[in-house]
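Here is the structure we will look at.
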Amino acid sequence: MTEFAMTPDRPILLTNARLIDPATGREERGSLLVRDGLIADLGNAVAAPDDAQAVNCGGQVLAPGLIDMRAFLGEPGAAHRETLKSAGEAAAAGGVTTIVSMPDTNPVVDDPAIVDFLYRRARDTSIVNVLPAAALTKGLLGVEMAEIGLLREAGAVAFTDGARSVTNAQVMRRALTYARDFDALIVHHVEDPDLVGQGVMNEGEFAARLGLPGIPREAETVMLERDMRLVRLTGGRYHAAMISCADSADIIRAAKKQGLRVTCGVSINNLALNENDIGDYRTFFKLSPPLRHEDDRQAMIAALADGTIDVIVSDHNPQDVETKRLPFAEAEDGAVGLETLLSAGLRLVHADLIPLPRLLQALSSQPAEILGLAAGRLARGAPADLIVFDPDAPYVLDKRDLRSLSKNTPFEEARLEGQVTLTLVAGRIVFDRRPT
């Protein structure tokens, strides 16, 4: 296996591919030509210049690169957990070509200068696109609204307090109203901390048997219901970062029927895992929102299939051994997920729960649409952020092979299917799994 960057000046012709464009539903056998960082042509009859490098895809899927709308990265302030460089390498190996980084850093991303720093740092060190989300409130404290206008001007693609919820309804109302005038996107972690209390996993029979305090579904739904009313009041553009239970899907479904400017995401963990996976107090499965009952997992899959849920996120949250090798109730929330996002999602495809184009839509074209990006589609003139992958390639995950600095994966030793063969960002091959 080789990993390298190629000059974008030399055209690349990807041949013998199964082209899937999730933005239009187009699926066909053919070729795709990359020139100057853009898709120059695609289809059954693509004419390539003589100097083009031909890459035979061997019948594998060629699709837009994945866009992950929720990843916690270590820089600045926690580079021992993850760096922009290591996160980029992990993302490329998993087929993620664009990462939206959360503002939970040290210092917090609540100043235009920090947004600018992240862009420059990512440009210099990351092999994938990193788009910073800025803080919704100053210091992530939920008290005073951040300078949304200035932060948006600096390049922030969304506004969120990351893993924290804004509990003050007046602050959230002002933020939605102010953001509306800039057509800025508010992304909210819907979890009432007072209802969470000391809870560490889904409330129910399994938590009781483990002797662990539970988190009720109402911690999510009460906050989400409040937010829907505020969206109706303000007309703001709102994205629920992650939902995890059937009642939340019903709330989003109803809000969309009312014509509210609402979208939502779901963590790949809540699609692929349930509370029983916690087993004997396995801290890599301690997440926020928590893994729910199997009925809720099935409800999330159904909501994804019918379009209620718009996007799937990795919720990539690196934690080191000092924060995870603790009793379950004391361990930090979070798991790494950039490298396993696609493979875990393909579990749903192989189980005939959703079709492959729908999975790719939730991982690429719909995040692009929500964020206003030109990527996420196979079309002439679109950015050549592309992946080639074999959806049926089996493997067993060994966490030692992960490129993330932290190894807190919930899929350790899991049998997975689907591996990325090539990843291109702006026409550059940044990951190559082909045998040498």
| request: Would you tally the residues in region 204-229 being among the charged types (D, E, K, R) and surrounded by fewer than 22 Cβ atoms within 10 Å (Cβ to Cβ)? | output: 6
| task | Out of the residues in region 259-318 that are touching a Phe, Trp or Tyr at 6+ places or on another chain (Cβ under 7 Å) and under 16 Å from G214 (Cα atoms), state the one that is surrounded by the fewest Cβ atoms within 10 Å (Cβ to Cβ). | result | N276
| Qualifying residue in region 28-39 (condition: part of a helix (DSSP H, G or I), modelled with pLDDT of 95 or more and surrounded by fewer than 19 Cβ atoms within 10 Å (Cβ to Cβ)) | no
| message | Regarding region 268-286, can at least one residue be identified that is among the acidic types (D, E), without any contact (Cβ under 8 Å) to a residue 24 or more places away in the chain and not in a helix (DSSP H, G or I)? | response | yes
| request: Scan region 232-245 and report the pairs whose first residue is within 18 Å of I215 (Cα to Cα) and assigned by TED's automatic domain parsing to the domain that holds V190 and whose second residue is among the β-branched types (V, I, T) and in a loop (DSSP other than H, G, I, E, B), with Cβ atoms within less than 6 Å and a gap of 6+ or a chain change. | output: none
| In region 7-55, how many are more than 22 Å from P357 (Cα to Cα), in contact with a Ser or Thr (Cβ under 8 Å, 6 or more places away or on another chain) and in contact (Cβ under 8 Å) with a residue 40 or more places away in the chain? | 3
| note | Residues in region 307-317 that are in contact with a helix residue (DSSP H, G or I) (Cβ under 8 Å, 6 or more places away or on another chain) and assigned to a loop (DSSP other than H, G, I, E, B) total 5
| query | Which residues, taken from region 56-74, are more than 26 Å from A374 (Cβ to Cβ) and either free of Cβ contacts under 8 Å to residues at least 12 places away in the same chain or assigned to a loop (DSSP other than H, G, I, E, B) (or both)? | reply | G58, G59, G74
| Number of positions in region 118-159 that are under 29 Å from L422 (Cα atoms) and either charged (D, E, K, R) or over 22 Å from the mean Cα position of the chain (by Cα) (or both) | 4
| remark: For V108, the lone unmet condition from (1) without any contact (Cβ under 8 Å) to a residue 40 or more places away in the chain; (2) surrounded by 23 or more Cβ atoms within 10 Å (Cβ to Cβ) is (2)
| said: Suppose the filter is in the same structural domain as N106 (by TED's automatic domain parsing), in contact (Cβ under 8 Å) with a residue 24 or more places away in the chain, farther than 11 Å from M102 by Cα and not in a loop (DSSP other than H, G, I, E, B); does L151 pass it? | reply: yes
| field | Residue list for region 275-332, restricted to those being over 22 Å from L359 (Cα atoms) and among the hydrophobic types (A, V, I, L, M, F, W, C) | value | I278, F284, F285, L287, V321, L326, F328, A329, A331
| message | Please verify whether R347 is surrounded by fewer than 17 Cβ atoms within 10 Å (Cβ to Cβ), among the charged types (D, E, K, R) and either more than 27 Å from L42 (Cβ to Cβ) or over 12 Å from the mean Cα position of the chain (by Cα) (or both), treating the condition exactly as stated. | response | no
| task | Check region 331-341 and report whether any residue there is over 22 Å from V100 (Cβ atoms) and at pLDDT 95 or above. | result | yes
| task | Would you check if there is a residue in region 85-100 being under 24 Å from A362 (Cβ atoms) and part of a loop (DSSP other than H, G, I, E, B)? | result | yes
| Quick check, is E75 at pLDDT below 95, crowded, with 23+ Cβ neighbours inside 10 Å and either of a type outside the set (F, W, Y) or touching a Ser or Thr at 6+ places or on another chain (Cβ under 7 Å) (or both)? | yes
| query | Looking at V171, V128, V143, which one is farther than 22 Å from V196 by Cβ and either surrounded by fewer than 20 Cβ atoms within 10 Å (Cβ to Cβ) or in contact (Cβ under 8 Å) with a residue 12 or more places away in the chain (or both)? | reply | V128
| request: Would you be able to say whether some residue in region 86-96 is more than 24 Å from A23 (Cβ to Cβ), among the acidic types (D, E) and free of Cβ contacts under 8 Å to residues at least 24 places away in the same chain? | output: no
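The values are calculated or read from the model by the stated rules, or taken from the named source; none is laboratory data. Please read these numbers as outputs of a predicted model, since none were measured by experiment. Neighbour counts are summed over all protein chains in view; Cβ atoms, including those assigned to glycine, are modelled from backbone coordinates with ideal geometry.
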